[in-house]
1. Go through 50-59, 220-229 and give me the packing order, highest mean Cβ count within 10 Å leading.
2. Any chance you could run the full-extension gain for Leu224 through Arg74? It's 0.36 nm times the residue separation minus the Cα-Cα distance, nm to one decimal.
3. I want to check the label-to-label distance for Thr60 and Phe87. Put each point 7 Å from Cα in the C-beta direction and report it in nm to one decimal.
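Nothing in this text is a laboratory measurement; each read-out follows from the coordinates by a stated rule. Nothing here was measured: the structure is a model prediction, and the numbers come from that model. Quick reminder, even Gly has a Cβ in these numbers, built from the backbone with ideal geometry, and neighbours come from all protein chains shown.
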Amino acid sequence: MFCIMADSDVSIHSAFGIELLPPFFDTFYADEVRQLFWFRLTHLFPLAVQLLESGYTSFTFSIERFRYNHAQFRFEGPNGLLREVNFLLTPVVRPLSIGEIDLSAFVTMDSQEFSNIISEYHMFDYVYVRYCMTIMHMIYSLAVQVIITNRRVSFSYAIIQETIITPQDGQCIIGGIRPPNEVQFIITMSQPDAFYHFASQSKRIWLFKEVNSTKGIITAPLGLHGRLVSFFCDSSA
């Protein structure tokens, strides 16, 4: 698997990644050293869009073998189109890693439904997620709460705001929850632009819990061989 991960702001405790499996790429090689550097994708994204509109159809990302802080994007297209961009990598202060996903329980919803939730809760630092089979009593917390039963999903922040979606109305699908078990975790929606992009790239959004953790993971499938991922990048949760 090849994964590019992005941490947009050190004050925000979550990060974003794109995980790709073949046939998204032809060849792939990496070692542990090459995981310890980052670059500003915002510097390259406008160029990538421009080249895509100009007919370029593929790119190669590589890191020099004996100079680990030097990397290159090589854009190619039909009729010999070629553009190479060299740039420096910066040492990572805090390495990013996506935790192991607990696949035994999940919530999935239409991307438009997820966009609606983002618009209502992106101002809160964290979203507290709880699966259960009966309506849960109010939990007093500084986090935004999500209560998921076999009948509904309730997003709320203290007693200030609440949003409910239900499988019966076709708004979501809940799996893996049997009474009296429950699952709970927290997520963040504090980067709305990134999450809106999630929703625009996939038909459905999936919410999972990390194994042996209170942290949650949000994923957006990209066909059968890739996905966008939002995850916590530190131990604060």
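1. By packing density, highest mean first, the sequence is 220-229, 50-59.
2. 51.4 nm
3. With each label placed 7 Å out from Cα toward Cβ, I get 1.9 nm.
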